[in-house]
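Below is one structure, written out as structure tokens; comments come after it.
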Amino acid sequence: METLFHQMTICGVGLIGGSLATVAREKKLVGRIVGLGRTQPNLDVALERGMLDMATRDPAEAARGADLVVLAVPILTMRETFGAMLPYLPDDAVVTDVGSVKGWVVREMEPMLKPRMALVPVHPVAGKETTGAAAAVRDLFVGRRVIVTPSARSTPEALAKVEELWRATGANVERMDPDVHDRILARVSHLPQVVASALAAALGEEQVAGRPVLEFGAGGLRDTTRIAASSAEMWRDICLTNREAILAAMKLFARDFAEFERLISAGDGEGLVRLFERGRAMRERLK
């Protein structure tokens, strides 16, 4: 495959950034891969595993020569990270990201760009609860959805190249309006995280008759709270940058949770069966 970019600089070499680097290196999608990070041990892991040509904690060093910048840092640190790199970037660099919120990225990042730069926001829907370069895998994106949310600064050439990069990872690429993306993901990704974390927090220190309840937790509790192990910093930023959509999704959940409470309180067995069946039917449709 033809090389798409001369140098890809990945800011935040974790699960997503590291997996993208791994595939890009293997398939020769870019000429050179530079990793920018906050902690040297994580960068060392990325170097040892062959993901990067160079690793640095210096934004200026990471920026020089980069015709593609991938922001894979927590959302609320994107402006600071990109701002530190901006003076040293080529005037026509393409900027993209892998965040789970897109409207905020478009609104905040567009005004920062130099006149000839392009912005192509992206969300690979392929996360796991594990973090860091050690969690990266080459097949993370195979068969998974990658959503591109073009902005006013997405040039046709930049869009085509970024989408080709993601298709080469084995992902299914589609385009979507940024705000539509945020409303959908609030319901199917952000709400489940809040629910799982709330359940885990509620039960963490709970005891009954002096017995820690977690000692009796089995597969159901582990499955339901699995994503509560995800990065707290990442999810803090998602909640703060997609507040309205997440609050709307929480109201949707609260409605049916309150219905469960009402039915249990009333001893309404038939109503409970109907509500449980609605939940089971949704789960059976989930791919």
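The values are calculated or read from the model by the stated rules, or taken from the named source; none is laboratory data. None of the values given here were measured: they were computed from a predicted structure. When we count neighbours, we look across all protein chains shown, and the Cβ atoms used for this are built from the backbone with ideal geometry, even at glycine.
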Query raised in the report: Of all residues in the stretch 111-133, which are assigned to a loop (DSSP other than H, G, I, E, B) and in contact (Cβ under 8 Å) with a residue 60 or more places away in the chain?
Result: Val125, Ala126, Gly127, Lys128, Glu129, Thr130, Thr131, Gly132
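Can you pull out the residues in the stretch 86-110 that are under 22 Å from the mean Cα position of the chain (by Cα), over 23 Å from Gly37 (Cβ atoms) and assigned to a loop (DSSP other than H, G, I, E, B)?
Lys102
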Report task. Could you tell me which residue of the stretch 214-265 is farthest from His181 (Cα to Cα), considering only residues that are among the hydroxyl-bearing types (Ser, Thr, Tyr), touching a residue at least 40 places away in the same chain (Cβ under 8 Å) and touching a helix residue (DSSP H, G or I) at 6+ places or on another chain (Cβ under 8 Å)? Result -> Ser230
Query raised in the report: Just one of Leu36, Leu76, Leu20 is closer than 30 Å to Ile184 by Cα and buried (at least 24 other Cβ atoms within 10 Å of the Cβ); which is it?
Result: Leu20
Query - Any chance Ala135 is in contact with a helix residue (DSSP H, G or I) (Cβ under 7 Å, 6 or more places away or on another chain), farther than 21 Å from Ala245 by Cβ and assigned by TED's automatic domain parsing to the domain that holds Leu43 - result: yes
Report summary line: Checked Ala136, Ala84, Ala63 against criteria (touching a residue at least 24 places away in the same chain (Cβ under 8 Å) and within 25 Å of Gly170 (Cα to Cα)); the one match is Ala136
Query - Among (1) free of Cβ contacts under 8 Å to residues at least 24 places away in the same chain; (2) farther than 26 Å from Val105 by Cα; (3) surrounded by 16 or more Cβ atoms within 10 Å (Cβ to Cβ) - the single one Thr56 does not satisfy - result: (2)
